[in-house]
Ligand SMILES: [Zn+2]
């Protein structure tokens with residue numbers, strides 16, 4: 001069964017569960033999304049399920065609930081545009097027309113402040129676990145829908161644009177599977193080495 005999404009003129013995917021985050025601002029004058037950044041996240045780290053990611057992005061996470069939250073997440077104000085859960089369920093926190101706070105200090109081939117011109121997608125996962133087929137299905141459909149709405153020129157991992165600081169989406173993320181699913185040309189994956197070993 002083929003999954004298909006559409007992005008409306010206001011930058012929202014109608015099929016996504018809408019959970020608005022306050023952690024965004026207007027993109028700079030004239031900036032449009034040209035880059036898609038793929039992340040992984042799990043809260044607590046390496047534990048899947050639950051509502052902590054949404055709570056973090058909506059500034060309602062109880063930082064007394066876990067030692068990791070207490071030491072790493074207190075006062076943190078972040079949000080990606082999208083989260084894709086282990087079962088493929090899609091949540092949207094920020095309109096794609098707005099600048100979400102997902103990438104931090106970053107550099108895409110010399111262009112800094114990647115949040116200005118990117119859309120952030122979090123896969124619920126970790127650097128040590130394979131992602132689920134349902135997540136690739138949702139991600140492929142989402143990337144296809146985003147490319148139909150915006151002049152997307154490339155995709156990158158968070159670790160590609162913030163090397164040394166970030167490691168996600170990690171070694172288990174299958175970029176070639178995403179390329180196959182989206183039927184996008186090599187030029188959209190500038191961090192992949194071509195030609196590749198089969
Ligand atoms: Zn990330």
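So what are the radius of gyration and Dmax for the Cα set of the range 1-146, in Å?
Rg and Dmax of the range 1-146, Cα atoms, are 14.9, 43 Å.
Taking the square root of 5 times each eigenvalue of the Cα gyration tensor, what semi-axes in Å does the equivalent ellipsoid of the range 90-198 have, largest first?
Semi-axes, largest first: 19, 17, 16 Å.
Which percent, nearest 5, of DSSP beta bridges in the range 44-129 are antiparallel?
The answer is about 60 percent antiparallel.
Sequence gap at least 6, Cα distance under 8 Å: using those rules, report the relative contact order of the range 1-152 to the nearest whole percent.
It rounds to 35 percent for the range 1-152.
Quick check on the chain: of the DSSP beta bridges with both residues there, what percent are antiparallel, nearest 5%?
35 percent
Label residue 46 and residue 60 with points 7 Å out from Cα along Cα→Cβ: what is the distance between them in nm?
3.0 nm
Counting C-alpha atoms alone, how compact is the range 121-163: give Rg to one decimal and Dmax as a whole number, in angstrom.
So, for the range 121-163, Rg and Dmax equal 12.0, 33 Å respectively.
In deg cm²/dmol, rounded to 500, what helix-only [θ] at 222 nm does the chain give when every DSSP H run of at least 4 residues adds -39500 (n - 2.57) and the total is split over its residues?
Per the formula, -5000 deg cm²/dmol.
Could you check the simple spin-label distance between residue 70 and residue 14, using points 7 Å along Cα→Cβ, in nm with one decimal?
4.7 nm
FYI, it's all coordinate maths here, none of it is from the lab. What you see is a predicted model, and the numbers here were worked out from it, not measured in a lab. Positions of Cβ are generated from backbone atoms using ideal geometry, with glycine treated the same way; all protein chains shown enter the neighbour counts.
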